[in-house]
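> Here's a structure for you.
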Amino acid sequence: MEVVNYCSREEYCDDFRRNILRGLTAPQKYIESKYFYDARGSGLFEEICRLPEYYPTRTEISILRRAAPTIMKGFSAGDLVELGAGAGRKIRILLDSIEERVQTDLRYIPVDVSEKTLIEASRDLLLHYPGLRILGMVADFTRHLEEIPAEREKILLFLGGTVGNFREEERKRFFRQVARVLGRKGRFLLGLDLIKPRETLERAYDDSRGVTSDFNKNVLAVVNRRLQGNFRPADFRHLAFFNEEKKRIEMHLRARRRIEVEVKALNLRVSMAPGETIHTEISRKFDREEVYKMAFEAGLTVTRWFSDPREWFAIVEMRAENEEVCFS
Ligand code: AVJ
């Protein structure tokens, strides 16, 4: 196993400070959802994935199981690049679908901002696939996509529906970068949550056991710890609703009373009126037409569409549209 690191702590902290300052002084206060995932937040997210109401993870895994042989057919030499790899559970489904008699020369390239997660997951994976080559990239997939090795044919995986957390302009930029990185034969596998009845969506983001509420409020503890803040999570209520016009779940933290908070490291005082909210997440839901349009705008073509019988979630395969050449 080899690991390369593209993230510096200073850069991360500068970015964090800037983002929090901007978000907490905006007319509609916000905190970006990428900051949910410290150690406790990642643990709470794992717990969310096991909730009966939270359908995306379970649905995506069932789709992946069925699609894996088709996806992997003929791909015996090349790189499997996974953005936001996490615990590495999904890659196993792909590796397990390769017929045993096939000789492979595959390399797994997990990309994750957490070096600890990356190394632990890779060690674990090596116990099951001793011959697998692994190149871990400690990197932020919104910034370091160009660092992905270009030489070999690749499948780029971005699963879990995380693309739904991007704002529209971030998503466009991301897709264009992906198109560039893919190269001539590369494929992009994207996990997307689809539009469905409001009740199902809202239950998934406001579960009866309150795990999503804890997950949402944990972001305040992240700000407190990193920037010497004194938010009291109990002063806020978890709010999650489907914004039909914008086709997205929104999560907010709503002040139960008047709030006066100090964020010492930013030299910032924050006041909130009762009922005022901090917007903490968007989770965009898509339909087929829109996916085709997004792909097209970035110079990508949809080549396969895998879904579940209820069409609650999709794994979409795309390729970059390249100019034709006279050799191959
Ligand atoms: C990690 C982006 C897939 O948007 O559904 C889960 C995060 N937020 N419950 C999502 C999340 C609230 C999740 N993703």
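> Taking into account only those residues within the range 184-194 that are buried (at least 18 other Cβ atoms within 10 Å of the Cβ) and farther than 17 Å from Ile63 by Cα, which is farthest from the ligand (Cβ to nearest atom)? First the steps, then the outcome.
First pass over the range 184-194, keeping only residues buried (at least 18 other Cβ atoms within 10 Å of the Cβ): 186-194.
This time we only want the ones that are farther than 17 Å from Ile63 by Cα, so: 186-187.
Working: Gly186: 24, Arg187: 21 Å.
Filtering first and then ranking leaves Gly186.
> Given Val102, Val113, which one is more than 24 Å from Pro69 (Cβ to Cβ), open to solvent by 50 Å² or more (accessible area, probe 1.4 Å) and at pLDDT below 95?
Val113
> What tally of residues in the range 2-23 results from selecting those that are touching a Gly at 6+ places or on another chain (Cβ under 9 Å) and under 19 Å from Met251 (Cα atoms)?
1
> Next up: Of Asp79, Asp14, which residue is acidic (Asp, Glu), at pLDDT 95 or above and in contact with a strand residue (DSSP E or B) (Cβ under 7 Å, 6 or more places away or on another chain)?
Matching residue, one of Asp79, Asp14: Asp79.
> Follow-up. Restricting to strands (runs of 3 or more DSSP E) lying wholly in the range 247-328: which have 2 or more residues that are open to solvent by 20 Å² or more (accessible area, probe 1.4 Å), under 30 Å from Gln177 (Cβ atoms) and of a type in the set (Val, Ile, Thr)?
Answer list for the range 247-328: 300-307.
> Could I ask something else about it? Sort out which residues of the range 241-276 are within 16 Å of the ligand (Cβ to nearest atom), in contact (Cβ under 8 Å) with a residue 40 or more places away in the chain and under 18 Å from Lys217 (Cβ atoms), and write them in order of number.
Ile249, Met251
> Every residue in the range 221-235 that is assigned to a helix (DSSP H, G or I) and away from the ligand (no atom under 15 Å from the Cβ), please.
Ala221, Val223, Asn224, Arg225, Arg226, Leu227, Pro233, Ala234, Asp235
> Right, another one. Right, Lys172: at pLDDT below 95, open to solvent by 10 Å² or more (accessible area, probe 1.4 Å) and not in a strand (DSSP E or B) or not?
no
> Please find, among Arg269, Arg237, Arg226, the residue that is modelled with pLDDT of 95 or more and more than 20 Å from Ser33 (Cα to Cα).
The conditions single out Arg269.
> Quick one: which of Leu127, Leu95, Leu118 is within 19 Å of the chain's Cα centre (by Cα) and in a helix (DSSP H, G or I)? Outline the logic, then answer.
On the way: Leu127 fails: within 19 Å of the chain's Cα centre (by Cα); Leu95 fails: within 19 Å of the chain's Cα centre (by Cα).
Just a single option satisfies the conditions, and that option is Leu118.
> If you don't mind, another one. Would you pick out the residues in the range 75-114 that are under 17 Å from Leu182 (Cβ atoms) and not hydrophobic (A, V, I, L, M, F, W, C)?
Gly78, Asp79, Glu82, Arg107, listed by residue number.
> Is it the case that the range 292-307 has a residue that's of a type in the set (Phe, Trp, Tyr), within 20 Å of Val211 (Cβ to Cβ) and either within 16 Å of the ligand (Cβ to nearest atom) or touching a residue at least 60 places away in the same chain (Cβ under 8 Å) (or both)?
no
> With the requirement that a residue be within 25 Å of Ile93 (Cβ to Cβ) and open to solvent by 30 Å² or more (accessible area, probe 1.4 Å), what does the range 133-159 give you?
Arg133, Phe141, Arg152, Glu153
> With the structure loaded, tell me whether Ala204 is more than 28 Å from Phe75 (Cα to Cα), crowded, with 18+ Cβ neighbours inside 10 Å and either away from the ligand (no atom under 12 Å from the Cβ) or small (Gly, Ala, Ser) (or both) or whether it fails that test.
Taking the combined requirement at face value, the residue satisfies it.
> Got a sec? Which of Thr57, Thr25 is hydroxyl-bearing (Ser, Thr, Tyr) and more than 11 Å from the ligand (Cβ to nearest atom)?
Of Thr57, Thr25, the one residue that is hydroxyl-bearing (Ser, Thr, Tyr) and more than 11 Å from the ligand (Cβ to nearest atom) is Thr25.
The values are calculated or read from the model by the stated rules, or taken from the named source; none is laboratory data. All values reported here derive from a predicted model rather than from experimental measurement. Because the Cβ atoms are built from the backbone with ideal geometry, glycine has one as well, and the counts that use them run over all protein chains shown. For accessibility, only protein heavy atoms count, side chains too; no ligands or nucleic acids. Shrake-Rupley method; radii C 1.70, N 1.55, O 1.52, S 1.80 Å.
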